[in-house]
Amino acid sequence: MFYLISIKDTIRILPSSFGKDIKEEAKEIIRMEYEDLVLKDIGYVITVTDIVNIDLGKLLPKEEGMFSRCTFELLVYRPEMNEIVEGKVVEVVDFGVFVRLGPTDGLCHVSQVTDDFISYNSKGGMLEGKETGRTMTTSDLVRARIVAISPASRSKAGKLGLTMRRPFLGKLDWVKEDLAGGPAREKGKKKEKEGEAVAEKPFGGKKKGR
């Protein structure tokens, strides 16, 4: 989930920035310091959205620049257990698919893609369902649920485990099909039509006399 959070920190503004827009200079310094980091209990920092407040600052002996206490807002992404997420498939491998979720990726193991038996088509770069014939490949839009989160480091977000084996999860095209009745209903309609056609067809030819 995405959050806007406020943080206070002390930044150093170099003499080369004196006389310029202090908020813009502070924003650039904070961007270089925070963006693309993973902060414990906060999340993956995407960008600095605003400088809320910045103090006048202090000059310290034998230190270059001015040290100012600054309050600023960050846009962060923090994955949560059982959260429903949507993303794009960026890679298909024999053991599953990697899904892009904002600033990080999640892995959906092949066993968690669907209830159908799945096989990997290496030539087509896709996963194929044995009974449904449904396929999943790169650039497909999917909906999944987060079921595992591994610890994050300062430079990398934690790895995410996903599942699509629940109602209204999976490839978004599949969800639309399911809401409309699904492939099973279409097969049923087809069989009904075939049955009607057989019923309308005359049985046998002319009766032969004895």
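Starting with the highest mean, order 115-127, 70-82 by the number of other Cβ atoms within 10 Å, averaged over the residues of each peptide. Kindly include the intermediate steps, with their values, before the conclusion.
Values: 115-127: 13.7, 70-82: 17.0.
Top to bottom by mean Cβ count within 10 Å: 70-82, 115-127.
Reported to two decimal places, what Rg/Rh ratio describes segment 2-77 when computed on Cα atoms with Rh from the Kirkwood expression? Walk me through the intermediate numbers first.
Numbers: Rg = 12.9 Å, Rh = 12.9 Å.
Reported Rg/Rh, Kirkwood definition of Rh: 1.00.
Two-decimal Rg/Rh of segment 63-121 from alpha-carbon positions, Kirkwood Rh?
Details: Rg = 19.7 Å, Rh = 15.0 Å.
Rounded to two decimals, Rg/Rh equals 1.31.
From the phi angles alone, apply the Karplus equation (6.51, -1.76, 1.60; θ = phi - 60°) to segment 99-109 and give each ³J(HN,Hα) in whole Hz, x where the residue is Gly or Pro.
My calculation for segment 99-109 gives 10, 7, 10, x, x, 9, 10, x, 10, 10, 5 Hz in order.
From the phi angles alone, apply the Karplus equation (6.51, -1.76, 1.60; θ = phi - 60°) to segment 111-118 and give each ³J(HN,Hα) in whole Hz, x where the residue is Gly or Pro.
Each residue of segment 111-118 in turn: 6, 10, 6, 7, 6, 6, 6, 10 Hz.
Please turn the phi angles of segment 10-24 into ³J(HN,Hα) values with the Karplus equation 6.51 cos²θ - 1.76 cosθ + 1.60 (θ = phi - 60°), one per residue in order, whole Hz, x for glycine and proline.
Computed from phi, the couplings for segment 10-24 are 9, 10, 9, 9, 6, x, 5, 9, 4, x, 9, 4, 5, 5, 5 Hz.
Could you sort the peptides 3-10, 87-94, 41-48 by per-residue average Cβ neighbour count (10 Å cutoff), highest mean leading?
Numbers: 3-10: 12.2, 87-94: 16.0, 41-48: 17.5.
Packing proxy ranking, top to bottom: 41-48, 87-94, 3-10.
So what's the projected area for segment 84-185, the Cα convex hull averaged over all directions, in nm²? Walk me through the intermediate numbers first.
Working: hull surface 26.0 nm².
Computed as one quarter of the Cα hull surface, the answer is 6.5 nm².
So what's the projected area for segment 92-147, the Cα convex hull averaged over all directions, in nm²?
Details: hull surface 15.8 nm².
Averaged projected hull area, Cα only: 3.9 nm².
So who's got an amide H within less than 5 Å of the one on Ile149, skipping anything under 5 residues away but keeping other chains? H placed 1.01 Å off N, in plane.
Under 5 Å from the amide H of Ile149 lie the amide H atoms of Gly161, each far enough along the sequence or on another chain.
Dividing the alpha-carbon radius of gyration of segment 13-54 by 2.2 N^0.38 Å (N being the number of residues), what value is obtained?
Cα-based Rg divided by the globular estimate yields 1.30.
Every read-out reported here was derived from the displayed coordinates using simple, explicitly stated rules and does not represent laboratory data. Since we're looking at a predicted model, the values are computed, not measured. Heads up, the Cβs are rebuilt from the backbone with ideal geometry, glycines too, and the neighbour counts pull from every protein chain shown.
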